[in-house]
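Reading through the structure tokens given below for one structure.
The values are calculated or read from the model by the stated rules, or taken from the named source; none is laboratory data. On a predicted model such as this, the values are computed, not experimentally measured, just so you know. Here the Cβ positions follow ideal geometry from the backbone for every residue, glycine too, while neighbour counts run over all protein chains shown. Side chains are part of the model used for accessible areas, which takes the heavy atoms of the whole protein and leaves out ligands, DNA and RNA. Shrake-Rupley method; radii C 1.70, N 1.55, O 1.52, S 1.80 Å.
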Amino acid sequence: MRCEICGQPIEEGKSKKTKIDGSIMEVCSDCSKFGIIQKEPPKPKNILNKSKGSGINRTGKKTRTPRPMYSLDEPTEELVEDFQSIVREGREKKGFSREELGEKIYEKVSVINRIESGKMVPDIKLAKKLERILNITLIEKISDMELEDFKNISSGGPTLGDIVKIKKK
């Protein structure tokens, strides 16, 4: 692991979580003096859950089902980049006016206008309605590999120390 400020290698377990200008970073002991060292959160006590994912096996040991590799708050679906032209072309191919399309998906004409002009980005629910009625593709799946690529970008790239100069008080 490398310090997020100076880029120096840090031994496993020797990094310190430090809050510097509102951001919590993993830094070396030298750079930790530029902020406030954060304490580790308390570890949860062992409480036997009666939830569906845990139980007790024949040997009396607690069992758990593995958790997914991705967090529930990370998106797994994404809107395509050129959604406005895809919606307009799909509507024109079907021969719908903006008013007719609005009636079919139970939305106002102004919403259709703003989507086609690019002034509004439809949420996933609205995009799925448009996909179904116009027979187009607006939502693409984000693969787990792409999510992992984003997470690992910082491991070998430049650090803050490469970019900024640290003011000494």
* Dipole of region 77-141, Cα-centred, from +1 at each Lys and Arg C-beta and -1 at each Asp and Glu C-beta, to the nearest 20 debye? -> 220
* At what distance in nm do the modelled label points of residue 80 and residue 38 sit from each other, each positioned 7 Å from its Cα along Cα→Cβ? -> 3.9
* **Virtual spin-label span in nm between residue 92 and residue 132, 7 Å along Cα→Cβ** => 2.7
* Structure fact -> Net charge (Lys, Arg +1; Asp, Glu -1) of residues whose beta-carbon lies under 11 Å from that of residue 37, residue 37 excluded, is +4
* Structure fact -> For 76, 137, the accessible-area ranking with a 1.4 Å probe, largest leading, is 137, 76
* Of 17/141; 108/141; 14/39; 93/128; 94/128; 104/141, which pairs sit farther than 23 Å apart, going by alpha carbon to alpha carbon? -> 17/141; 108/141; 104/141
